[in-house]
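One structure is given below, encoded as structure tokens.
The values are calculated or read from the model by the stated rules, or taken from the named source; none is laboratory data. This one's a predicted model, so the numbers in the text were calculated from it and none came from an experiment. All Cβ positions, glycine included, derive from the backbone under ideal geometry; neighbour counts span all protein chains shown. These area figures cover heavy atoms from the full protein model, side chains too; ligands, DNA and RNA do not enter into them. Shrake-Rupley method; radii C 1.70, N 1.55, O 1.52, S 1.80 Å.
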Amino acid sequence: WKTVYQDWLKTYPYEDGTKFPPEGGSENDKDYQWKGLQVAERVISQIDIMAYFIQSKNFTPEWLSTFLAAFAKHVECMRINYYQSGNILLTQAQAVTMAGILMPEFKNAENWKNKGNEILNTEIQQFLADGWHKEFSLHYHIGVIDNFYEAMKLANANGQSVEFKDALRKAVEVVMHFTYPNFFAKGSSSDSEEKLDQ
């Protein structure tokens, strides 16, 4: 992993402060690896990767410094290149918030957390009044619920008060209705049926 990631960092350098054009144009083909979901997914996964590899004798203090500098660069790149709206923006906000909460040692951690939470609180409106996600795709719908649920769980586990429960209730009910079209599920200990909303 260390060898591959070092090579990736050399192959795809990012100049601090680089701003990209808004999403949607052909000009986005350049520096694609530093745009959109790619950066957000790397930030989210790198937190787990660091915890997994940090006990290795190969995870030297020098490599830790390289890794943390690259991590901060990723978050800052995302912070100045947010998508304007939609699912990618939501994942970017989740990643930036996660970085701010779990890496408070960074000088910009508080800004990451606050801006990420601000976007999450705005993007909860991706769900319409009846609970459906605006793209009307159950796949996206479930993914967006997961983004918010994971952000809420992480914040609450770290002493931050972030609540999306009320806003997500109708969205989760949509999934429930699609999963159980007759609104019933078999009880686990008998053949009797149980109403799901009880």
Förster radius 30 Å - calculated FRET efficiency between S56 and D16 (Cβ-Cβ, nearest 0.05): 0.60
Pairs beyond 26 Å (Cα-Cα), from K19/K107; K30/K57; K10/K113; K10/K30; K35/K113: K30/K57; K10/K113
Cα long-axis angle, helix 87-102 against the chain (0 to 90 degrees, to the nearest 10): 70 degrees
Inter-label distance for I80 and D48, nm, one decimal - labels placed 7 Å from Cα along Cα-to-Cβ: 3.0 nm
Cα centroid separation, the stretch 47-78 to the stretch 100-164 (Å): 24 Å
Fully extended contour minus Cα-Cα distance, from L64 to R169, at 0.36 nm per residue: 33.7 nm
Among N111, N158, N121: highest mean-square fluctuation, GNM of the chain, C-alpha pairs under 10 Å: N158
Alpha carbon Rg of the chain, scaled by the compact-globule rule 2.2 N^0.38 Å: 1.21
Size of charge dipole - the stretch 37-134 - debye, nearest 20, with Cβ of Lys, Arg +1 and Asp, Glu -1, no other charges: 160 debye
Distant-in-sequence amide H partners of V162 (H built 1.01 Å from N, under 5 Å): N156
Area accessible to solvent at E41, 1.4 Å probe radius, in Å²: 90 Å²
In order through the stretch 33-48: 3J(HN,Hα) via Karplus (6.51 cos²θ - 1.76 cosθ + 1.60), integer Hz, x for Gly, Pro: 5, 10, 10, x, 5, 4, 5, 4, 5, 5, 4, 4, 6, 5, 5, 5
Computed [θ] at 222 nm, helices only, for the chain once each DSSP H run of length n ≥ 4 contributes -39500 (n - 2.57): -19000 deg cm²/dmol
